[in-house]
Amino acid sequence: MPEQESEAPLRRSARVNVRIPVKLSGILADNKTFAEDTYVITVSKYGARLLTQQPLKVGMQVKVQPRGRRQAGLFQVVWTGRPGSPREGEIGIAYVNVSNLLGIAFPD
C-alpha cells in the first residue's frame, strides 16, 4: 500500500477569536511615532493578530496596551496582510517576552 502524505504541521498554540480593545504604538520606518486605538482579533500563547491603519513592516517592534491597563507588552511584527487581499490591514505579532498581557491563559 502506498504511503500517505503527512498532514500539515500543527500550530505551536491554539488560536482564540476575541475582540480586545488595545492601543497600538511604535515608531514607523520614517522615524515618526504613532499611537492607534484598535483591537486584537485573534490571540495565541505566542502572539496575536490585530487590525491597524499603520504601514508596518515585518521585523518592526510595537507596543500593545489593553485598554484599562497600565502595562504594555512589546511585540514584533511577524507578518502583514497583503494589500488587496482579505487580510489587508491585519498584522501578526509575536511576544518579544512571552507573557499573559492579553488575559488569556494557555496550557504549557
Margin query: Every residue in the stretch 74-95 that is surrounded by 11 or more Cβ atoms within 10 Å (Cβ to Cβ) and either under 13 Å from ILE41 (Cβ atoms) or at pLDDT below 90 (or both), please.
Written below: GLY81, ARG87, GLY89, GLU90, ILE91, GLY92, ILE93, TYR95
Item checked: Options ALA48, ALA29, ALA35: the member that is in a strand (DSSP E or B) and either exposed (fewer than 15 other Cβ atoms within 10 Å of the Cβ) or not hydrophobic (A, V, I, L, M, F, W, C) (or both) -> ALA35
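The values are calculated or read from the model by the stated rules, or taken from the named source; none is laboratory data. For clarity, every value in this text was computed on a predicted model and none was experimentally measured. Reconstructed Cβ throughout: ideal geometry from the backbone, glycine too, with neighbour counts over all protein chains shown.
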